[in-house]
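Take a look at the structure set out below.
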Amino acid sequence: MSVFAPNAVLSVSGIGKTYAQPVLSGIDLTLMRGEVLALTGENGAGKSTLSKIIGGLVTPTTGQMQFQGQDYCPGSRTQAEDLGIRMVMQELNLLPTLSVAENLFLHNLPSHGGWISRKQLRKAAIEAMAQVGLDAIDPDTLVGELGIGHQQMVEIARNLIGDCHVLILDEPTAMLTAREVEMLFEQITRLQARGVSIIYISHRLEELARVAQRIAVLRDGNLVCVEPMANYNSEQLVTLMVGRELGEHIDMGPRKIGAPALTVQGLTRSDKVRDVSFEVRAGEIYGISGLIGAGRTELLRLIFGADTADSGTVALGSPAQVVSIRSPADAVGHGIALITEDRKGEGLLLTQSISANIALGNMPVISSGGFVSNGDEMALAQRQIDAMRIRSSSPTQLVSELSGGNQQKVVIGRWLERDCSVLLFDEPTRGIDVG
Ligand SMILES: Nc1ncnc2c1ncn2[C@@H]1O[C@H](COP(=O)(O)OP(=O)(O)O)[C@@H](O)[C@H]1O
Ligand SMILES: [Mg+2]
C-alpha cells in the first residue's frame, strides 16, 4: 500500500499486466512534483507498457494508481490527458497529410461560431512550436514533409499544450539530432521549473545522467531499483538492466580484417550523393556519419539498388568485380543486405509470426521441392531468437506484439540467416538496447 507523500504527484502500487504471459508485476513507484524520473531497462522489459498504463492506453491487470491524492484509473487516453497526464509515444502519432498547426490542435481547433479560425490557429501553433525551438518551421507545412526529428518535436509540442502535470517521454531522442536533443533538454528543464513531473524513458545512459534526478530500472517486468541517479555509474546500471555482466559481449577480441569486400567508386545521384568512393574489407565495420540529411541514407539506398545512380560503380569481392544492381532483388542476389531505421517499411510483416518473418528471406534453406518445412522454419527462428536474444514467448508469436527493438532484431536475424557478404546498416540502433 502506498502512503501518499506530500510532494508526490502520481503513485502506482502493485501494478501488473498480463497478456499471454505476465509482462509487468508488482510495480510500486511514486513520481514527485517537478522531478525527472528516468525509466530504463532492456527492450521488452515493460517500459512502454507501464507508461501506457499511466497514460490511460492500457488497463492494468492488477494494482491501483493515485494522482494528486485521488484514486486514478483512466478509462482512456483522453481521460488521462484531460487530467494533465500526457504521453509522447515511441511510435509517432501524427497525421502526415495534415499541417503542423492542424496536428497540434487536432482535438482543440480554435473556432468562431463553428468556423475554424485559421489566423488564431496559426498564431497558437507558432507559440506552441516556439516552446520546443521549432520557430523556423511554417505551421502550414504538412507533417509528412518534415523530417522524423522535427515530427518528434511536433509530437512533443502537442503534448505540452494546455495543462500538463505529468509528461511521459518514451524514447524521445531515438530519432533526434544532437541539436534537437539539446533543445529537448532545455525544454525539460523549463517544464521542471514549472513543476511538471517527467518520466523519461531511454536506454541512452549518458542522457539519463544529464536530465534525471532518480532512476528506475525494469527487468523482465519487475522493478529492480529506484534510486537517486547519482548512486550509479553507467556500468552498474547496465548490469542492473541486463542482470548479468556484459564484459564478455563487449570484448570480442581482435577482428580479422580480410581482402576488400565492397568497393564503391564515384557513386553519384543528383546533388544528394556526389562522387562517393570507399572500400570496405571483409570483417570490417565501416562507419558512415553525418547529420540528418547529409546523404547517408541516400548512399546506402544507391548501393542497395533502391535508387538508381547517375554514375559510379559498386564492386564486390577481391579482385573487385563490378556488379549491376538495378533493384533490391539484385542486391540481395549478390549477398548485400540493407537494414534501415524504418523497421515497418523494410518488409517486416507485423501481422505474421517471428518464424514466418525470419523464414521470408530464407526460403531455399527450409524448403524442399517447393514445400516449406514447418519444423525447419521453427528451428531457424529459434536459433535467431537465442542468438539475438529476441524477447518473445515463442517463434510463433506475432511480430506486432514485440517491442520495437525486438522487431528490429527479427529483421537482423533474417539477414544473418542468409549468407550475406555485405550488411548495410542505416541507423540500426534506433530502438535497440545496450545488451
Ligand atoms: N499488446 C500486446 N500483446 C501481447 N504482448 C505485448 C503487448 N504489448 C507488449 N507486449 C509484450 O510485453 C513485453 C514488454 O513490452 P514493452 O512494454 O513494449 O517493453 P519495452 O518498452 O520495455 O521495450 C514484451 O515482451 C512485449 O512483447
Ligand atoms: Mg518501449
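Per q in 0.17, 0.19 1/Å, what log10 I(q)/I(0) does a Debye calculation on the alpha-carbon atoms of the stretch 254-334 return?
-0.68, -0.84
Pop the C-beta distance of Phe185 and Ser277 into the FRET formula with R0 = 41 Å and round what comes out to the nearest 0.05.
According to the calculation, E is roughly 0.60.
Can you find, among Asn406, Ser393, Ile85, the residue sitting farthest towards the positive end of the charge dipole of the chain, where Lys and Arg contribute +1 and Asp and Glu -1 at Cβ?
Going by the charge dipole, the pick is Ile85.
Let me have the 222 nm mean residue ellipticity of the chain computed from DSSP H runs of 4+ only, each contributing -39500 (n - 2.57), with the sum over all residues rounded to the nearest 500. Numbers along the way, then the final one.
Working: 15 runs with 136 residues, N = 435.
Result for the chain: -9000 deg cm²/dmol, rounded to the nearest 500.
In straight Cα distance, which aspartates and glutamates are under 20 Å from Lys119, not counting same-chain residues fewer than 8 positions off?
List returned: Glu102, Glu127, Asp135, Asp138, Asp140.
How many percent of the accessible area of the chain is carbon or sulfur, using a 1.4 Å probe?
51 percent
Could you do me a favour and compute the accessible area per residue for the chain, 1.4 Å probe, result in Å²?
Here the residues of the chain average 49 Å² of exposed surface.
Restricting to the chain, compute how many DSSP beta bridges are antiparallel as a %, nearest 5.
The antiparallel fraction comes to roughly 65 percent.
Quote the accessible area belonging to Met87 in square angstrom, nearest 10, computed with a 1.4 Å probe and with ligands, DNA and RNA left uncounted.
Rounded to the nearest 10, that gives 0 Å².
Expected output is a single nm value to one decimal: the length gained when fully extending between Thr351 and His107, i.e. 0.36 nm times separation in residues minus the C-alpha distance. What is it? Mind dumping the intermediate values first?
Numbers: separation 244, 0.36 × 244 = 87.84 nm, distance 3.01 nm.
Full-extension gain reported as 84.8 nm.
For Glu235 and Ala178, what is the calculated FRET efficiency with R₀ set at 30 Å and r taken between the beta-carbons, to the nearest 0.05?
Calculated transfer efficiency: 0.80.
Quick one: length gained pulling Asp376 to Gln68 fully straight, 0.36 nm per residue minus the C-alpha distance?
Values: separation 308, 0.36 × 308 = 110.88 nm, distance 5.48 nm.
Contour length minus Cα-Cα distance gives 105.4 nm.
The values are calculated or read from the model by the stated rules, or taken from the named source; none is laboratory data. No experiment lies behind these values; they were computed from the predicted model shown. No Cβ is skipped: glycine too gets one built from the backbone with ideal geometry, and neighbour counts run over all protein chains shown. Note: accessible area is taken over every heavy atom of the protein model, side chains too, but ligands, DNA and RNA are not part of it. Shrake-Rupley method; radii C 1.70, N 1.55, O 1.52, S 1.80 Å.
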